[in-house]
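Worksheet: the structure to be examined is printed underneath.
The values are calculated or read from the model by the stated rules, or taken from the named source; none is laboratory data. Everything numeric in this text was worked out from a predicted model, so none of it was measured. All Cβ positions, even for glycine, are placed from backbone atoms using ideal geometry, and neighbour counts span all protein chains on display.
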Amino acid sequence: MAEDVKPTRKNLMAIEDRIELSERGHDTLEQKRDGLIMEFMDILDQAQDVRNDLNEDYETAQRKLNMARAMEGDVAVRGAAAALKEHPEITIQSKNIMGVVVPQIESSKVKKSLDERGYGLLGSSARIDEAADAYEELLETIILAAEVETAMKKMLTEIETTKRRVNALEFKLLPDLYTNQEYIEQKLEEQEREEIFRMKKIKEKKEEAEAEEAAAAEAAAEAADADADAVAVDE
Amino acid sequence: MSTPGMNASSGSPGSSNPEYVTARVRARRGVLFDDDEYSKLVRMSPAEIARYMEESEYEQEINALGSRHSGVDLIEYALNRNLARHFDALLGFAEGQLYDLIARYLRKFDAWNVKTVFRGVYTDADSEAVETDMIRAGEFDDALINRLLEAGTVEDVVTVLDGTMFGDAVDAAFEDFQESETLVPLENAVDRAFYEQLLGTLPSGEAIDLYREFLEAEIDFRNVRNALRLARSGAEIDPGEYFIDGGRLFSASEMTTLVENTDELVARIRESRYGTKLSEPLDELEAADSLIDFERALEGVLLRYSKQLGNVHPLSICPVVAYILMKEREVTNIRAIARGREAGLSETAIEQELVIL
């Protein structure tokens, strides 16, 4: 790559500017990556807890539903479920964690009181109530798990992206820029040295020429003097 | 079967045939599953249970439904249909006052069918699915059931029910339904209508007095269950709205007060005529957080009570009611075993759920 760069002072200055910017960006991205990892570790702990709760709640809900179906009959349980009018609703908002937009899920009408479930109290049983309770609990945990796990996945993607950027700066862009900088500096120094050498040579040649000219002039003068002396003798 | 939902074939009190009916009931009690059979069933897979049922009392229903359903659904629908066949037969061979006494208890299946239709219409389920879920063990005849199945809206169902024992109740509750848009008022009206007719204009007599006591106990137990459910739910509901008249344990206003304090409610049950029988389940209820064991205990107490009445008055309504409860319990037990096995529950867990006398 270094050979592709023209070793000019302008390019050197441009590269120095890019190095400064990249180093600053590298530091910032490293800080962001570390911050994201710390946030991610917090969310990871939360996600593990939620996942455990989810498994427990699912098992409890399934067990209670099985018991309700066993003792009251599938038909009665389906009938009670069918009587539900108001279904749960969720609203999704977003929040920002270190530049990462993660969802914030709000749920409503998940937990219902006995009279909101739609089935008559007089002809039903506690088994159906407990199955409904357990499933409402499970649904709340699912919504929380969806929020936490989506945040976790988004954070993970962002950490990966940031890591790739940090690595690209650290192991590719900055080394290339340093190499180019070094190459241009060397080339410029070399050019400078060549110029000095050339100047010296020119100076030497010029001095030699001047010396030769002086010697020739001296010789000519001496010859003229000799000719003048010879004419005088003849006369 | 007779005129929809009413006791048209009850005839005069003098024309009852308790000797004949109780003899038929004794024969039917004889084919109910016993402990050994439950022990075998608990160790079987759902397919094996269906196979076992095919070689038992349930053969006709398993064969009739085998092409449409499979697995535990086949078992459940066969159980329901068998229950309906037997109870329908009871109404078929009972006459006079005895018919009326049996019918008033079996009308709970009419209530069940009405609620099933309401739920089906409410959720736009197709009429075939609704019909499958019905238990034709009550007094409604096929024509009325077909008209209910053809109803397209809740209002149509209310119109079809006009003239039956549920007519006035659902008509009065329809306005609440329109306001709340939930089935709660209609379902409660149907159940309340059933319980109100249970004790309404009961004739007198020693056996019938015992039958009345049994029905009062059933109403008391239903009120106790609902009071405890309301107390545990913590919902802001007026308990008086869910009180069923006819019991001896407490009044509507007392229930409202007791729901606010579970300890007082439990103490009240302990001091009542049911205190001795319910002492152990109440201890468990206070220790555990679940009402389920207590409900099961109530069912067991009621079952034993009915059986005891049947022994005291063998030629009356009492052994018939005992048989009805035992048959219902058999259906619940087999269904519990099949569903329990399907869900992978252990044999011990399933056995714990069974109520066997």
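To keep it simple, each residue is scored yes or no on (1) more than 12 Å from chain B (Cβ to nearest Cβ); (2) in a helix (DSSP H, G or I).
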| site | (1), (2) |
| --- | --- |
| A:Asp53 | yes, yes |
| A:Leu65 | no, yes |
| A:Ala76 | no, yes |
| A:Ile92 | yes, no |
| A:Asn96 | yes, no |
| A:Gln104 | yes, no |
| A:Ser107 | yes, no |
| A:Lys112 | no, no |
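Listed here are the residues, each with its yes/no results for (1) within 14 Å of chain A (Cβ to nearest Cβ); (2) surrounded by fewer than 21 Cβ atoms within 10 Å (Cβ to Cβ); (3) among the basic types (Lys, Arg).
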residue: B:Arg270; (1), (2), (3): no, yes, yes
residue: B:Pro281; (1), (2), (3): yes, yes, no
residue: B:Ala288; (1), (2), (3): yes, yes, no
residue: B:Pro314; (1), (2), (3): no, yes, no
residue: B:Cys318; (1), (2), (3): no, no, no
residue: B:Ala336; (1), (2), (3): yes, no, no
Point to revise | Unique residue being in contact (Cβ under 8 Å) with a residue 24 or more places away in the chain and surrounded by 16 or more Cβ atoms within 10 Å (Cβ to Cβ) when the list is A:Thr179, A:Thr141 | key: A:Thr141
Check your understanding: How many residues are in contact (Cβ under 8 Å) with a residue 24 or more places away in the chain and at the interface with chain A (Cβ under 10 Å from one of its Cβ atoms) if we restrict to segment B:202-249?
Key -> 10
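Which residue out of B:Ala89, B:Ala137, B:Ala50, B:Ala64 is assigned by TED's automatic domain parsing to the domain that holds B:Val331, surrounded by 21 or more Cβ atoms within 10 Å (Cβ to Cβ) and modelled with pLDDT under 95?
Every option except B:Ala50 fails the conditions.
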Check your understanding: In segment B:155-166, which residue that is in contact (Cβ under 8 Å) with a residue 24 or more places away in the chain and surrounded by fewer than 18 Cβ atoms within 10 Å (Cβ to Cβ) is nearest to A:Glu116 (Cα to Cα)?
Key -> B:Asp156
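Do we find a residue being more than 14 Å from every other protein chain (Cβ to nearest Cβ) and at pLDDT 90 or above anywhere in segment A:117-133? Show your work before the answer.
So the first thing to find is which residues in segment A:117-133 are more than 14 Å from every other protein chain (Cβ to nearest Cβ), and the list is none.
Scanning segment A:117-133 turns up no residue that is more than 14 Å from every other protein chain (Cβ to nearest Cβ) and at pLDDT 90 or above.
Is it fair to say A:Arg165 is away from chain B (no Cβ under 14 Å), buried (at least 16 other Cβ atoms within 10 Å of the Cβ) and not acidic (Asp, Glu)?
The answer is yes for A:Arg165.
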